[in-house]
Each structure stands twice: as C-alpha cells, then as structure tokens.
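All remarks here apply to the structure that follows.
The values are calculated or read from the model by the stated rules, or taken from the named source; none is laboratory data. All of these numbers come straight from a predicted model, not from anything done at the bench. Backbone-built Cβ (ideal geometry, glycine too); neighbour counts: all protein chains shown. All accessible areas refer to the heavy atoms of the entire protein, side chains included, with ligands and DNA or RNA removed. Shrake-Rupley method; radii C 1.70, N 1.55, O 1.52, S 1.80 Å.
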Amino acid sequence: MTDRYAVIGNPIGFTKSPFIHGTFAKATGQDLSYEAIEGPIGGFAATVDQFRADGAKGLNITAPFKLDAFAYATELSESARRAGAANCMKFEGDRIIAENFDGVGLVRDITINLDVKMKGRRVLMLGAGGAARGALLPFLRQEPSELVLVNRTLSKAVALAEEFAGCGPLMISGYAELADLAEGYDVVVNATSASLRGEMPPLPGNVLRGAELAYELAYGKGLTPFLQAARAEGVAKLADGVGMLVEQAAEAFSWWRGVRPSTAQVIVELTVPLS
Ligand code: ATR
C-alpha cells in the first residue's frame, strides 16, 4: 500500500517539498505519496488529527506551525526539544514523534556539500529567532573554536546563551560591538529574516572580510543584500539555503523510510543562480 506523507504550512503554494520527496521516492524505489496541505491558522491540531485518521505516516511542518507541531507531539527528539520547535513528525499508532532536522541539514550542507569545516573555526550567526535557535546545538557539536550569536534585540541572544550554556563556546554580541573584535570569522550565517524583506542586518563594514563562507538561510532570493555585502568583501564561498532545505528533507526521508537518498542532483535542480 502507498504510504502517505505531506508538508503542512500557511501559505504553502511555494513549497518544494513534494518535488524533493517525490524525487527521493523515485530514486530509492519507495512506494509513497507526498502532498502539500495548507493548514488553517489556529487549526493545526484538527488538520493533523484528520490526516492521521486517514492513515498518514508522517508530516513535515513549515511556517507558521513549527511551534504547534512541538506542542502536538507525544515524544520529542533532543533536537526538537532544544530547538523548541518541530519540522518533522512520524506517526506510529498513538505515538506522534517529533524531530527537528533544520539544524543538522544546515550543518550537512556546510560541512559536506560546501566542504567548509567548522571544527576549530570561528563562526558568526546573525539572528536569535527560531531559525538561529534550531542551528545552535548542531553548530556547537561541530566544535567551533567560538560561536558568536549577534542580534539586534540583545535580550533574545542573552536568553539563548543562558539556555545553551554548557553546550560549547557560545558568546553573544550586539552588531555595533562586532566592529571592535580583533579577529574575523571563518563562517558567517545569516539566520535573520531580514532578507525576506530585502533588508541588510546592521553589520559593521569589516566583519565579513576574510571569511571563507557566507551562508544565507533564505533560499531562492538570488544575491540578497547580505550575500552582496559578502561578495563585495571578497568572501570566497557564497551560498543560500537551498542545500539546507534538501538536506533536512533527506534526513526526514531517511528517518521515515530507513533509506538515505542522494541529494546532489536535487540541489542542482532547485538552485537559483546567485547573480
Ligand atoms: P525565524 O523563525 O525566521 O528565525 P523570527 O523568530 O521572527 O524568525 O526571528 C527573526 C530574526 O531576524 C530575529 O533575530 C530578528 O532580530 P530581532 O530579534 O532583533 O527582531 C532578526 N531580524 C529581522 N529583521 C532584521 C534586520 N533588518 N536586521 C537585523 N536582524 C533582523
């Protein structure tokens, strides 16, 4: 029997997940269907109740439902618990097991696809919202020499630093103070939502200079102001979040089906040139 999966979000029209999972299923010979569900705001639980009653096996969750999914689960993985949000669920009888693969997908894209090592390197993360939170533990597990979290609203960065104290060398900073740092960064990740509105986080001029990689979490937006600034500073590698998107999908697929799909070709097909 064909097993049913889906992604739920609102809006959902833009989603690439049915294409990605459909491609994975074909390539690995898995018998599954994967659809996109536009969940009504405030109606997440009722929609997923119905999907499960129809015999579905699992679900990906995108904005704005990652916190609803976290609350809906009966079991949370360590990464979902730490992220405070879920982007994937597996249904087994009454069990609703929640995961969060965003952070591990990002790390795989950086370290494997882009071949940029994080161990012993200096990493700067812009933003302290949900996207940044989900990446903190997977980043610290890579053992950077220092992970600096910078946010406009410092109190949010302070709260995250307290929560992740003891997990690794996590420091916080305001944007203006970054200008005073003597050392530069090897990897700079823009986990703010600024690019969605064509805005640039208020990074002092010299911060991107000498970095090996500038990574924009948003995808399909071409050269965002952040990536333009990185290019102007001569950063060697520029990337957007398409690889992260495909890698988190591959993690979900492996978890659901017990077989790991290859990602390279799907990433190529979804890549919008950065120029
Ligand atoms: P997400 O789930 O995508 O992380 P979020 O939780 O709303 O979204 O968080 C948005 C993040 O982008 C926050 O860190 C926000 O900074 P503040 O906490 O100071 O609001 C950051 N952000 C949004 N627009 C920004 C901008 N123009 N410059 C710098 N940071 C910005």
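Below are the figures for this structure:
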| item | result |
| --- | --- |
| Residues that are open to solvent by 30 Å² or more (accessible area, probe 1.4 Å) and out of contact with any Pro (no Cβ under 6 Å at 6 or more places or on another chain), drawn from segment 137-147 | 141, 142, 143, 145 |
| Every residue from segment 26-48 that is surrounded by 12 or more Cβ atoms within 10 Å (Cβ to Cβ) and assigned to a helix (DSSP H, G or I) | 27, 28, 44, 45, 47, 48 |
| Options 74, 62: the member that is open to solvent by 60 Å² or more (accessible area, probe 1.4 Å), among the polar types (S, T, N, Q) and farther than 17 Å from residue 3 by Cα | 74 |
| Sole residue being buried (at least 17 other Cβ atoms within 10 Å of the Cβ) and either out of contact with any helix residue (DSSP H, G or I) (no Cβ under 9 Å at 6 or more places or on another chain) or closer than 24 Å to residue 162 by Cβ (or both), chosen from 80, 69 | 80 |
| Subset of segment 94-136 [crowded, with 22+ Cβ neighbours inside 10 Å and part of a helix (DSSP H, G or I)] | 102, 103, 105, 106, 109, 110, 131, 132, 133, 134, 135, 136 |
| Which listed residue, of 131, 53, is under 16 Å from the mean Cα position of the chain (by Cα) and of a type in the set (A, V, I, L, M, F, W, C) | 131 |
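Quick grid of which residues meet (1) in the same structural domain as residue 143 (by TED's automatic domain parsing); (2) farther than 19 Å from residue 117 by Cβ; (3) not polar (S, T, N, Q):
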position	(1), (2), (3)
156	yes, yes, yes
159	yes, yes, yes
164	yes, yes, yes
174	yes, yes, yes
195	yes, yes, no
202	yes, yes, yes
205	yes, yes, yes
213	yes, no, yes
218	yes, yes, yes
